[in-house]
Amino acid sequence: QQTSPAQAEFYQAVEEVLDSLAPILESNTHYQQQAIIQRLVEPERQIMFRVPWVDDQGNIQVNKGYRVEFNSALGPYKGGLRFHPSVNASIIKFLGFEQIFKNALTGLPIGGAKGGSNFDPKGKSDGEIMRFCQSFMTELYRHIGPTTDVPAGDIGVGAREIGYMFGQYKRLTGRYEGVLTGKSLLWGGSLVRKEATGYGVVYFAENMLAVNNDSLKGKHCLVSGSGNVAIYAIEKLYQLGATPVTCSDSTGTIYHQAGIDLTLLKQLKEQSKTSLKAYLEYYKDAQFIALGDYPDDGHAVWRFNADAAFPCATQNELTLADAQALLINGCKLVSEGANMPSTQDAINAFIEAKICYGPSKAANAGGVATSQLEMAQNSSMQAWSFEQVDQRLQTIMENIFQTAHQTAVAFEQPGNLVLGANIAGFKRVADAMLEQGIV
Ligand code: NDP
C-alpha cells in the first residue's frame, strides 16, 4: 500500500515488480506466509548524510548524501552512486530496489544497494569535484567495505570520481582494498567495465532477436543519452553491423541518418564535456532538436523511423506517446540501458504489441556483472584480458536472457521478459531470504 506519495519513482518500481509476481505468489503461498514482500520493499538500512565542501570562491556548499543498503541475502551490497541534481530519497530507493532483482538475475553473489547525492558535477572545476568526493567519502567510508558494501559509478560518477573517493577511503582507513568498482585500469580496474553496460544491452538485444533467427545486422537504431552507457551501446551496435542514428543529452537530440559519428561523440562528451549541439559544427546533414522543441507528450529521440530503440539516458524518458510513435514507425525491439526508462504505460504498450522488449533490470545488468568480475580480480590479485572479460560478459547476458525467457514460458506468458525477469530475480532472492530466517 502506498503510504508516501512523495516517493513516486520508488512506488512505480515496486508496482511494476509486484504486478508480475502475482502468478508465483499465488502458487507458492509460503512467500506470503513468511512476509517476503513486506521484507523486500523495506531497505535493510538507509543512510542519509550531510556533505559540506568549499567551492573555488571559498563559499561553503552543502549537499545531501545517500546510501540505501536494500538487500544482502545474496551477497555484499552492490550498486552505483549517482551525482545529479535530481537525486532524492525516492530515486535512490527505486534504483536500490531494482538493483536487488538485477543482481539476482546475474547469478552472481551480490546484494542490492544504491547511493548518491544531489550534487551537480556540471560546470564544477576538478578541484571542486575532488573536494566534494572527499567529503562524501568522509561519511560513507564507515558504512562500506570489500565484503559488506561495494559501490560503483552511475550518472555523474565515472573513473575520475571513483578515483577521488578511493583515495579518501584509503587515507581514512589505511587499507588498499576493493571497496569500489569502476576504478582506473592503472590501479585495480577491470578491462571492459567501462564498456560493459552498453555492450551488455546490445548483447541482450542480439539474444532476443536470435530466438527468431534474426540479428541486429543492417538495422537502424535509436539511442538516447550520450554518456557511458549510450556511447558503448553505439560502439557495439556498429561492431555488429547496425546503424545508430540518434543520441541525446540534457540539452537535446541529434539525428544523423548516415549514422552517429562515434569518434566525434566521444570527443564531445568524454573529452570536451559539451552540449551535443556542437555536433552540427561537424555535420551539416545532421539535425539537432533542442529540449524546448520536444513534443509536449514525450521526447524527440523516439520520433524517428527505426527498427530498434535503446533508451540509455535516465528514468521515465520514454512515455506512452513515445512508445506509440516507435511502434507506428516500425520499431520491433526495445532494449533498456538506463534504469526504468519506460513509463508503465509504455511498457504495457510494448508487451501488448508483442515486440521484443528487454526490461532494464535484465538488459542493463552487464555493468554490475562486470563490477563483480572486477571484485573477483581484485580479491585474487589477478587482471584478466579484454577478451576474457568480454567473453564472460557475453555468457552472463545470454544466461540472463535465457533465465527470463524460460521463466516467462514456464509461467505461460512466452515473450514477456518483464514477468520472466521479475519472477526469476525474485525467486533467487526470496529463497535465500527464507533460508536465512527472519532477519
Ligand atoms: P552518464 O552520466 O555517463 O550519462 C548520462 C546521460 O544521460 C548523459 O548524456 C546525460 O546528459 C543524460 N541525462 C542524464 N539525466 C538526464 C535528464 N534528467 N534528462 C535528460 N538527459 C539526461 O550516465 P550513465 O551512462 O552511466 O547512466 C545512464 C543510465 O544508465 C542511468 O539510468 C543509469 O542508472 C543506467 N545504468 C548505468 C550503468 C553504468 O554502468 N554506468 C549500469 C546500469 C545502469 P548530459 O550529458 O547533458 O548530462
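The values are calculated or read from the model by the stated rules, or taken from the named source; none is laboratory data. Because the structure is a prediction, the values reported are computed rather than measured. For neighbour counting, all protein chains shown are included, and Cβ atoms are generated from backbone atoms with ideal geometry for every residue, glycine included.
A few points about this structure:
- Contacts under 6 angstrom Cβ, first residue in segment 147-162 being closer than 11 Å to P121 by Cα, partner part of a strand (DSSP E or B) and within 12 Å of the ligand (Cβ to nearest atom), 6 or more apart: I155/R82; G156/F83; V157/L81; V157/F83
- Positions within segment 75-100 being surrounded by fewer than 24 Cβ atoms within 10 Å (Cβ to Cβ) and within 9 Å of I110 (Cα to Cα), in sequence order: G75, P76
- Filtered by the rule that a residue be surrounded by 15 or more Cβ atoms within 10 Å (Cβ to Cβ) and of a type in the set (V, I, T), segment 119-147 gives I129, T138, I144.
- Residue under evaluation A230, criteria (1) in contact with a strand residue (DSSP E or B) (Cβ under 8 Å, 6 or more places away or on another chain); (2) free of Cβ contacts under 8 Å to residues at least 40 places away in the same chain; (3) within 22 Å of K122 (Cα to Cα); (4) not assigned by TED's automatic domain parsing to the domain that holds G96, criterion not met: (2)
- Sole exception among (1) away from the ligand (no atom under 15 Å from the Cβ); (2) in a loop (DSSP other than H, G, I, E, B) for L327, by number: (2)
- Complete set of residues in segment 335-364 that are under 17 Å from Q402 (Cα atoms) and not in a loop (DSSP other than H, G, I, E, B): S335, C356, Y357, G358, S360, K361, A362, A363
- Test: residue in segment 224-233 that is surrounded by fewer than 24 Cβ atoms within 10 Å (Cβ to Cβ) and either more than 25 Å from V157 (Cα to Cα) or away from the ligand (no atom under 16 Å from the Cβ) (or both): no
- Flag for N28 being among the polar types (S, T, N, Q) and surrounded by 17 or more Cβ atoms within 10 Å (Cβ to Cβ): no
- Filter pass, F204 being away from the ligand (no atom under 16 Å from the Cβ) and on the phi < 0 side of the Ramachandran plot: no
- Lone unmet requirement of (1) modelled with pLDDT of 95 or more; (2) surrounded by 10 or more Cβ atoms within 10 Å (Cβ to Cβ); (3) assigned to a loop (DSSP other than H, G, I, E, B); (4) of a type outside the set (K, R) for S4: (1)
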